[in-house]
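Any read-out appearing in this document is the output of simple, stated calculations on the displayed coordinates, not a laboratory observation. Quantities reported herein were computed from a predicted structural model and do not represent experimental measurements. As a convention, Cβ positions derive from the backbone with ideal geometry for all residues, glycine included, and neighbour counts pool all protein chains shown.
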């Protein structure tokens, strides 16, 4: 299975401005969240990237593409019809090929070089010739923020699972009933990391309008094709959450050469008394 194309969605109402925000990467370089994502996706084996944006956002996104500009194709989601529809807007772009997909409102922090996460996922999908989603063991209290999967560990393959069930933002009760993974730490579930390699069947279903989101489409996929999930050596940070950008920026800074300086500044900040607002 040859994966040459990627799709990033950035057209959602609460999502569209997030990739335009700026962060300091672990090497101390200031860049937009979008540029950090493009550095990750287009440094690996991906040749072209379809960026799904809202109307009138085209210029702002192209301006931030930098050296990746020639490999980025803007795709406009004319109406705000949800996540599944946003991916489906790239149907002509993917043209019946398997594709890599990641969300634009997360920042991914890894010990790997840029492109390493993308390459790891793409190479696994190519070897197994099937859809693969990156997952992360996530505490129960965060279940309602993510899609989650249940399944069985594949013997002799560290961190690799055959997916048997998928739920979008399940309740703890739903997860306990349908998504328990033998061997996983108690109170934790395998939640989507925000990166996937998907076969053409997923795009076909999303384009049909049958499913509102990706989790529903891949939940059906387990009935038709092999679908795997893999834990990756990284952390994902949702920038759409309250203080999400601050949390992600701290994580990036602490993963880089300025770690000691950042820790010292945090200690100084914590030592300064701050007035508590009165009710």
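Of the conditions (1) in a strand (DSSP E or B); (2) in contact with a helix residue (DSSP H, G or I) (Cβ under 9 Å, 6 or more places away or on another chain), residue 229 fails just one. Which one is it?
In the conditions (1) in a strand (DSSP E or B); (2) in contact with a helix residue (DSSP H, G or I) (Cβ under 9 Å, 6 or more places away or on another chain), residue 229 misses (2) alone.
Suppose we keep only residues that are in contact (Cβ under 8 Å) with a residue 60 or more places away in the chain and surrounded by fewer than 16 Cβ atoms within 10 Å (Cβ to Cβ) within the stretch 209-234. Which one would you say is nearest to residue 133 (Cα to Cα)? Reasoning before the result, please.
At the first step, the residues of the stretch 209-234 found to be in contact (Cβ under 8 Å) with a residue 60 or more places away in the chain are 209, 211-218, 221, 225-234.
Within this subset, residues satisfying the condition of being surrounded by fewer than 16 Cβ atoms within 10 Å (Cβ to Cβ) are 209, 212, 225-226, 233.
On the way: 209: 22, 212: 18, 225: 14, 226: 12, 233: 14 Å.
Among those residues, the one meeting the criterion is 226.
In the stretch 247-264, which residue that is assigned to a helix (DSSP H, G or I) and exposed (fewer than 12 other Cβ atoms within 10 Å of the Cβ) is farthest from the chain's Cα centre (by Cα)?
Here the residue is 264.
Can you confirm whether the stretch 190-198 contains a residue that is more than 13 Å from residue 133 (Cα to Cα) and either surrounded by 14 or more Cβ atoms within 10 Å (Cβ to Cβ) or in contact with a strand residue (DSSP E or B) (Cβ under 9 Å, 6 or more places away or on another chain) (or both)?
no
So which of 241, 201 is within 23 Å of the chain's Cα centre (by Cα) and closer than 25 Å to residue 142 by Cα? Before the answer, list the steps.
On the way: 201 fails: closer than 25 Å to residue 142 by Cα.
Unique residue meeting the criteria: 241.
From the list 86, 148, 137, 126, which residue is in contact (Cβ under 8 Å) with a residue 40 or more places away in the chain, on the phi < 0 side of the Ramachandran plot, in contact with a strand residue (DSSP E or B) (Cβ under 8 Å, 6 or more places away or on another chain) and assigned to a helix (DSSP H, G or I)? Even if it seems obvious, please write down each step before you answer.
On the way: 148 fails: assigned to a helix (DSSP H, G or I); 137 fails: assigned to a helix (DSSP H, G or I); 126 fails: in contact with a strand residue (DSSP E or B) (Cβ under 8 Å, 6 or more places away or on another chain).
Residue meeting the stated conditions: 86.
Among the residues of the stretch 151-188, how many are part of a strand (DSSP E or B) and farther than 16 Å from residue 219 by Cα?
At the first step, the residues of the stretch 151-188 found to be part of a strand (DSSP E or B) are 151-153, 160-168, 188.
Those left that are additionally farther than 16 Å from residue 219 by Cα: 153, 160, 188.
Matching residues across the stretch 151-188 total 3.
Does residue 165 satisfy being touching a residue at least 24 places away in the same chain (Cβ under 8 Å), touching a strand residue (DSSP E or B) at 6+ places or on another chain (Cβ under 6 Å) and surrounded by 23 or more Cβ atoms within 10 Å (Cβ to Cβ)? Let's see the steps before the verdict.
Working: touching a residue at least 24 places away in the same chain (Cβ under 8 Å): yes; touching a strand residue (DSSP E or B) at 6+ places or on another chain (Cβ under 6 Å): yes; surrounded by 23 or more Cβ atoms within 10 Å (Cβ to Cβ): no.
Here the answer is no, as residue 165 does not meet what is asked.
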